[in-house]
Amino acid sequence: MFSNKHEGHLDRGAVAVEMALVLPVLIAMLMGIIDFSRVFNAELQLSQAAREGVRLASLQLGTLNTPAVQARAILAAPHPAFGAALSAGNISVVGCAASPSSTAVATVTVTYVYQGIFYMKNSTLTQTAVMRCGG
């Protein structure tokens, strides 16, 4: 039989092997959590940007000021996913007529290219907001 002084030595080797097997999985899970958090942040900011923009666009009956709507949307999403800021080219606006029907709506669509750390590299995220003309 083995004496007790040898058992501790064997346990240390087993712990090292277990750590070598489990550590890569834990690191991959951690990176996935970080990437998912960044995507979630980007989606929330894009949604807020679209809502802010469409609110302004729906109140401008017949005289749509597209640069003002785009500027409002950009201010609402300063750095989606802690990355590059939005640009006016990523924001499309459909305004309201001077005398809109009761079913007329304004629409703002915000698009952003998400740069993931490990997953979803160069993925396009899009949020659209719609609001009845006249608020």
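The values are calculated or read from the model by the stated rules, or taken from the named source; none is laboratory data. As the structure is a prediction and not an experimental result, all values here were calculated from the model. Quick reminder, even Gly has a Cβ in these numbers, built from the backbone with ideal geometry, and neighbours come from all protein chains shown.
Numbers at a glance
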| quantity | calculated |
| --- | --- |
| Boolean, A106 is modelled with pLDDT under 90, surrounded by 17 or more Cβ atoms within 10 Å (Cβ to Cβ) and either in a strand (DSSP E or B) or touching a strand residue (DSSP E or B) at 6+ places or on another chain (Cβ under 9 Å) (or both) | no |
| Selection count where residues are surrounded by fewer than 21 Cβ atoms within 10 Å (Cβ to Cβ) and small (G, A, S), scope the stretch 38-60 | 1 |
| Residues that are assigned to a loop (DSSP other than H, G, I, E, B) and either of a type in the set (D, E) or at pLDDT below 90 (or both), drawn from the stretch 117-135 | I117, F118, Y119, M120, G134, G135 |
| Matching entry among R38, R51 (being modelled with pLDDT of 95 or more and part of a helix (DSSP H, G or I)) | R51 |
| Residue in the stretch 2-9 that is outside any loop (DSSP other than H, G, I, E, B), farther than 19 Å from T128 by Cβ, modelled with pLDDT under 90 and among the small types (G, A, S) present | yes |
| Single unsatisfied condition, S92 versus (1) surrounded by fewer than 21 Cβ atoms within 10 Å (Cβ to Cβ); (2) of a type in the set (S, T, N, Q); (3) touching a Leu at 6+ places or on another chain (Cβ under 9 Å) | (3) |
| Test result for A85, within 26 Å of the chain's Cα centre (by Cα), at pLDDT below 90 and in a helix (DSSP H, G or I) | no |
| Test: T63 is surrounded by fewer than 18 Cβ atoms within 10 Å (Cβ to Cβ) and either out of contact with any His (no Cβ under 6 Å at 6 or more places or on another chain) or part of a strand (DSSP E or B) (or both) | yes |
| Pairs with Cβ under 6 Å, 6+ apart, first in the stretch 33-51 and more than 21 Å from A106 (Cβ to Cβ), second part of a helix (DSSP H, G or I) | R38/A81; N41/A81; A42/P80; A42/A81 |
